[in-house]
Amino acid sequence: AGKNADRMLALSRKLINENAKGNVLTTRIMNSAINAWASCGDENASRRAEEYLTQMETAYANGISNLRPETRSYSTSFCVTHFRVLSCDFYFIELVLAAWSKSGSPLRFKNAWQVLQRMERQQQNGNRYVKVDEYSKSLVINACGSSNFSPEIQAEAFQVAVQLFDEISANGTRPASALTYSRFIESCARLRVPQEKKFQHIERAFRFCC
């Protein structure tokens, strides 16, 4: 499916270059291409989805509004390597997030974290079609919990998970969803960090949600 999407985009670009009437690349077409890579299970899926997302960001930054990235754009790309399944349309940018979270890379959580930061920049720059919400942050928390590599990487992943959980819950003043609590507690349990620190945050999460 992913390679067919590549061929479809190559043909679309060829027709555009030839000034074929009615042919123009749009966000919907690019999203469909990322969806295709997200569903094919190819080992290059996350890289290709990331490349398409970057092309959209660059085009939008250069004033091509019909290629603006949406929340769905990022979420599909994330899902490529994380869950190997597709999310609903609203979560497209989060699909890139889900993709990185199971990529097998020792820096998977950093890749997911970077995608989230890209979403935040799009939102700050006025792209109203991108929304950073609790769900997207919880995907990064989930990616942190899968970072079973060196102690240094796990310690950094733990800090990112704690930071995002604090942002979601506003340090306990705002209730998070059951999914977020579950992902945070599971990530804390998985990561090899000092037991005292680990259980401190697990206990804190239980206190917030009960």
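Report whether or not Lys110 is within 14 Å of the chain's Cα centre (by Cα), surrounded by 19 or more Cβ atoms within 10 Å (Cβ to Cβ) and among the basic types (Lys, Arg). Judged against the criteria, Lys110 is a match. Being part of a loop (DSSP other than H, G, I, E, B), closer than 25 Å to Arg174 by Cα and either among the aromatic types (Phe, Trp, Tyr) or at pLDDT 80 or above (or both) is a property that does not hold for Val140.
Regarding Glu203, is this residue out of contact with any strand residue (DSSP E or B) (no Cβ under 7 Å at 6 or more places or on another chain), farther than 28 Å from Thr71 by Cβ and surrounded by fewer than 17 Cβ atoms within 10 Å (Cβ to Cβ)? Spell out how you get there, then give the answer.
Working: out of contact with any strand residue (DSSP E or B) (no Cβ under 7 Å at 6 or more places or on another chain): yes; farther than 28 Å from Thr71 by Cβ: yes; surrounded by fewer than 17 Cβ atoms within 10 Å (Cβ to Cβ): yes.
So Glu203 fits the description; yes.
Residue count for region 149-165, restricted to those that are over 19 Å from the mean Cα position of the chain (by Cα) and either of a type in the set (Gly, Ala, Ser) or closer than 23 Å to Cys210 by Cα (or both): 2. Of the numbered criteria (1) part of a helix (DSSP H, G or I); (2) within 25 Å of Ser182 (Cβ to Cβ), the one Val132 fails is (1).
Going through (1) modelled with pLDDT of 75 or more; (2) aliphatic (A, V, I, L, M); (3) open to solvent by 20 Å² or more (accessible area, probe 1.4 Å) one by one, Val24 falls short only on (1). Within region 168-195, residues that are at pLDDT 85 or above have Cβ atoms under 7 Å from residues that are open to solvent by 80 Å² or more (accessible area, probe 1.4 Å) and not in a loop (DSSP other than H, G, I, E, B) in these pairs: Arg192/Pro151, counting only partners at least 6 apart in sequence or on another chain.
The values are calculated or read from the model by the stated rules, or taken from the named source; none is laboratory data. Remember, predicted model here, so these are calculated numbers, not experimental data. Note: ideal-geometry Cβ built from the backbone for every residue, glycine included; neighbour counts use all protein chains shown. Heads up: the accessible areas ignore ligands, DNA and RNA and are worked out on the full protein's heavy atoms, side chains in. Shrake-Rupley method; radii C 1.70, N 1.55, O 1.52, S 1.80 Å.
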